[in-house]
Amino acid sequence: MREIVLDTETTGFEPSEGHRIVEIGAIELINHMPTGRSFHEYINPDRAMPKDAFEVHGLGDDFLRDKPRFAAIAPRFLEFIGADARLVIHNAAFDIKFLNAELGWAGHPALEVERVLDTLALARRKFPGAPASLDALCRRFAIDNSARERHGALLDSELLAEVYLELVGGRQPDFALGAVAGPAAETESADTVAWTAPRRAATLAPRLTGAEAAAHAAFVDSMGDRAIWKKFGGGS
């Protein structure tokens, strides 16, 4: 399964008000493992960088003046993300709104929303009521985001990839953004590919108290016969 984790930085909040993308960063995952392939471009927005946007991104007019326009990088961006890869984006509605506006201005078809996975929505479903910003999720999963002094599309994509893998069930053993997947991984030994955690010499003693077990059983009983714990033999 191929996935593209991506992020954009923009001059503002609404393309309908003339705001544009100034940076795109994306990294490739195959079967939830980074391949080492990435896409990164700074983009000339053909407009002045607002002061508040400069403070967030640190990208000024002088820096962006000689960068390519979006239309020039669009073919390579579309080639990188491909036609079928899932697009993993935090607060996806914002990025897709800008990407589709830029693609439309450049004469390309819009990206289909069906191929997008929004990690913000995923985090809110998994941790209802908890902070779900990228920084908050990095803190939750003990992911080092100390280099994120300002927003940057490629760095944010790398952090989001780690967050995403935690949200969908935990990082692979020895997870690293420089890990190799795909054809190069075929040279690895079977022992490496089939790595599993060693068994403990002795089973750990349960930490659940009798009172806690009784409270849980009462809670399950209060949910009626349709409680999932009862279906799988975990109820009272």
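The values are calculated or read from the model by the stated rules, or taken from the named source; none is laboratory data. Since this is a predicted model, take the numbers as computed values, not measurements. Quick reminder, even Gly has a Cβ in these numbers, built from the backbone with ideal geometry, and neighbours come from all protein chains shown.
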Can you run down the residue pairs with Cβ atoms below 8 Å, 6 or more apart or on separate chains, where the first is in segment 59-82 and free of Cβ contacts under 8 Å to residues at least 24 places away in the same chain and over 22 Å from Glu3 (Cα atoms) and the partner is assigned to a loop (DSSP other than H, G, I, E, B) and not aromatic (Phe, Trp, Tyr)? Gly60/Met49; Asp61/Ala48; Asp61/Met49; Arg65/Asn44; Asp66/Asn44
Only one of (1) surrounded by fewer than 12 Cβ atoms within 10 Å (Cβ to Cβ); (2) touching a strand residue (DSSP E or B) at 6+ places or on another chain (Cβ under 9 Å) fails for Gly129. Which number is that? (2)
What is the number of the single condition among (1) more than 17 Å from Asp7 (Cα to Cα); (2) at pLDDT 95 or above that Arg37 does not meet? (1)
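Part of a strand (DSSP E or B) and either of a type outside the set (Val, Ile, Thr) or not assigned by TED's automatic domain parsing to the domain that holds Leu111 (or both): is that true of Gly12 in this structure? Talk me through it step by step, then tell me what you get.
On the way: part of a strand (DSSP E or B): no; either of a type outside the set (Val, Ile, Thr) or not assigned by TED's automatic domain parsing to the domain that holds Leu111 (or both): yes.
Against the criterion (part of a strand (DSSP E or B) and either of a type outside the set (Val, Ile, Thr) or not assigned by TED's automatic domain parsing to the domain that holds Leu111 (or both)), Gly12 does not qualify.
Can you tell me how many residues in segment 126-144 are farther than 17 Å from Val88 by Cβ and more than 14 Å from the chain's Cα centre (by Cα)? Break it down into steps so the answer makes sense when it comes.
Step one: list which residues in segment 126-144 are farther than 17 Å from Val88 by Cβ, which gives 127-131, 135-136, 139-140, 142, 144.
Checking which are more than 14 Å from the chain's Cα centre (by Cα) leaves us with 127-131, 139-140, 142, 144.
Qualifying residue count, segment 126-144: 9.
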